[in-house]
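Visitor: Structure in structure tokens, see below.
What follows draws every value from the coordinates through simple rules; no lab data is involved. All values derive from a computational prediction rather than experimental measurement. Every residue, glycine as well, gets a Cβ built from its backbone with ideal geometry; the counts of neighbours run over all protein chains shown.
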Amino acid sequence: TLILLLLATTAFTFEDDEFADFEDFEVETENEVNEIPQKKIAEGEKPIIKEQATTTDSDTDSFNNDDDEGIVEDEFDQDEFEGFAGEIEDDRNEGKKKGAEPKLKIVNKVPYSKVLWYNYYIEMLFLGGLVLYFTNYAVGKNKNISIANAWLQTHKQFLEENFALVGDEANANNDPAYFMKDSDSIYSLWCSGRTLVEGMLVELKLIKRQDLLSITLGLLKKVSDQVQIKVELSKDSMDTFVFAVCSKSAARVLKDMTDLKQYCINVAKADEKYSLPSGFCVLSEISESTAAMLDSKVSSILSKYSQNIESIHISDQYSGLNNMQEQDQTLAKPETKKMLILTYNFSEKTDLNDLKTIMQLVIYLVEKLKRYKLSREGKMKADKNRQRVEEEYLKNTHQSRMEAAALKKEEKRKQEKEKMMNEENVDKQIKLEKKMKRKDAKKAMPKMKSMNIHL
Amino acid sequence: MYLNLIKFKMNTENVKRPDRIVKYKATAAVSTQEDLTSDYLNILGMVFSMLGLMMKLKYCAWLAIYCSCISFANSRSVQFEDSKQVLSSFMLSVSAVVMSYLQNPNPI
């Protein structure tokens, strides 16, 4: 607030000077303005006077030539200087001198162009836009809240059957606060306390109805409310394989997942092979696990909800989107979790009750994963893959680890040399030098010796 | 029709494990695709309000207010520093409009 005050005061002082110039400018304009008409009038009169003068000259020539000439000379002088700024200068000075006192009067009369409140129509437009924006913000926010609550009402009973804890604990006014509000359009619900499952995070990513800009942008591209169910499976409840099935639109996003990129290959014409709705693609590591996963129940639900369900991603090496740059710095292997992620879209029109079957599908898949065991060769293949990825990872980081080690060695050498350089007495310096030379020589020597033995 | 398709019996009783409840730790990795519109518009708002203040362009001052409104609407209300940033951009843009109208009260 202090700064604002400062700003304001400077603005005022600045403003006075501004106006001061402004006033001079006005005064001049007025002077000139009145000046010009005067001149016009003056000229108008002058010729008349001149004519009179001349006429009077002619009449009074005979009587008192001097006076006429006198008069004539004065006017004549002015005429002479008519075109010169000086003349106007005098007038302006006179005007300024004369006008110095009444200047304020002039200023009050017309400080600046006539401005009435309805001239500010563009400002009103802007203010109207702001009011519109905030009403839409309130309406959109409430709409999102009502959708989240509607989703919750339909799924609450089912969730409470399956999970000991649904949503956050009851907060202060101990009505159970289910949803954690990440932003005005993203609500997340955490459920935990179930066999085979560490926890399940349901994230409702709704359309940003509260923001006019995203609504207008949303008209261009297809935007829909999305629910992402992330089930974190406990250690023993899933065998080691990676698998994903997704619609074409979601394929791009899924391709970025580190685990899918490292382990999976894209199964050609998967939709016919596994009787999936057309356009669905399958990324799988072990074909036998894919067949087991996409059994009749799953594929029938997929075909029924082909518009809604976007992707199902089951993986025991899940570590999120590939953040290559972070990986290099940390050098540590990104920690992987066993995850089942199901993403589906819905719109206001879809009846929320039939979305319940998708939630039941999630629980069904969790149960199925527990029962499903890889065959022997499947298991071997999976382990081989993990081994390969492990080595690949070590190879990448090995190189950077070597660089780090080399850097450290270099550092040490430089320090030694520096110590040797700024050594005062000469003989100590020579001793150090000799020691360094001997060390280098020793380092070079052993390689040759081992070669002899080979011979 | 589909509801009875999934006829697996839900022996719900022994499924729940109240003792093994895991608290939700807001893992940073969860927000995979960071939603950056709020930050971009915040910066844009700052630029516009600077323009409005320095060059006395009234349009820029008004656009600055719009930018800070939009970044407020998109802001992730969880992080605290986000709301501080949004508040400061609001104050900056409002001061830009006030200043530009103080210096030159004529309409645009």
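Visitor: Under the Karplus relation 6.51 cos²θ - 1.76 cosθ + 1.60, θ = phi - 60°, what is the ordered set of whole-Hz ³J(HN,Hα) values for region A:194-211, x standing for Gly and Pro?
Guide: Karplus values, whole Hz, x for Gly and Pro: 8, 5, 6, 10, 6, x, 10, 9, 9, 10, 8, 9, 8, 5, 6, 6, 7, 10.
Visitor: What size of dipole, in debye to the nearest 20, comes out for region A:234-314 about its Cα centre when the only charges are +1 on Lys and Arg C-beta atoms and -1 on Asp and Glu C-beta atoms? Please list the in-between numbers first.
Guide: Values: 9 positive and 10 negative charges, 61 e Å.
Dipole size: approximately 300 debye.
Visitor: Oh, and also: For a quick check: sort A:Ile147, A:Ile309 by the number of other beta carbons within 10 angstrom, fewest at the front.
Guide: Working: A:Ile147 20, A:Ile309 23.
Fewest-to-most Cβ neighbours within 10 Å comes out as A:Ile147, A:Ile309.
Visitor: Still on this structure: If one puts a single equal scatterer on every Cα of region B:36-108 and applies the Debye formula without solvent, what log₁₀ I(q)/I(0) results at q = 0.22, 0.26 Å⁻¹?
Guide: These q points yield log10 I(q)/I(0) values of -0.80, -1.01.
Visitor: Further question on the same structure: List every residue whose amide H lies under 5 Å from the amide H of A:Lys338, counting only residues 5 or more places away in sequence or on a different chain, with H placed 1.01 Å from N in the peptide plane.
Guide: Excluding prolines and chain starts, which carry no amide H, the hits are A:Leu233.
Visitor: Beyond 25 Å, what share of the Cα-Cα pairs of region A:262-421 is found? Please give it as a whole percent.
Guide: On the way: 6323 of 12720 pairs.
For region A:262-421, the share of Cα pairs beyond 25 Å comes to 50 percent.
Visitor: Would you work out which of A:Leu352, A:Leu374, A:Tyr364 lies farthest towards the positive end of the dipole of region A:352-400? Charges go on Cβ: Lys and Arg +1, Asp and Glu -1.
Guide: A:Leu374
Visitor: Is there a simple number for the mean count of other chain Cβ atoms within 10 Å of the Cβ of residues in A:334-346, and what is it?
Guide: On the way: counts 1, 1, 0, 2, 0, 0, 0, 0, 0, 0, 0, 0, 0.
The per-residue average across the peptide is 0.
Visitor: Residue by residue through region A:126-142, what is 3J(HN,Hα) from phi via Karplus (6.51 cos²θ - 1.76 cosθ + 1.60, θ = phi - 60°)? Round to whole Hz and write x for glycine and proline.
Guide: For region A:126-142, the Karplus curve yields 4, 4, x, x, 4, 4, 4, 4, 6, 5, 5, 4, 5, 4, x, 4, 5 Hz.
Visitor: Follow-up. Counting partner chain Cβ atoms within 10 Å of every residue's Cβ in A:269-277, what's the average?
Guide: Values: counts 0, 0, 0, 0, 0, 0, 0, 0, 0.
Partner-chain Cβ atoms within 10 Å, mean over residues of A:269-277: 0.
Visitor: Sticking with this one: Work out how much length A:Glu367 to A:Thr336 would gain on full extension: take 0.36 nm times their residue separation and subtract the Cα-Cα distance, in nm to one decimal.
Guide: Working: separation 31, 0.36 × 31 = 11.16 nm, distance 2.11 nm.
Difference between extended and current length: 9.0 nm.
Visitor: Let me ask another. In what order do A:Arg252, A:Arg194 fall by count of nearby beta-carbon atoms within 10 Å, going from fewest to most? List each step's numbers first, then the result.
Guide: Details: A:Arg252 9, A:Arg194 25.
Taking fewest neighbouring Cβ atoms as first place, the list is A:Arg252, A:Arg194.
Visitor: Within 10 Å of each candidate Cβ there may be at most 15 other Cβ atoms; applying that plus a DSSP loop requirement, which GluC sites (Glu not before Pro) in region A:346-455 survive? Provide the component values of the computation, followed by the final result.
Guide: Values: sites: A:Glu348, A:Glu367, A:Glu377, A:Glu390, A:Glu391, A:Glu392, A:Glu403, A:Glu410, A:Glu411, A:Glu416, A:Glu418, A:Glu423, A:Glu424, A:Glu433; in loops: A:Glu348, A:Glu423, A:Glu424.
Those satisfying the criteria are A:Glu348, A:Glu423, A:Glu424.
Visitor: Taking other Cβ within 10 Å of each residue's Cβ, how do A:Trp190, A:Trp151 sort, fewest first? Display every interim value, and only then the final one.
Guide: Numbers: A:Trp190 24, A:Trp151 21.
So the residues, fewest neighbours to most, are A:Trp151, A:Trp190.
Visitor: Within a 10 angstrom radius of each residue's Cβ in B:36-45, how many Cβ atoms of other chains show up on average? Whole number is fine.
Guide: Working: counts 0, 5, 2, 0, 0, 2, 0, 0, 0, 0.
Per residue, the average neighbour count from other chains is 1.
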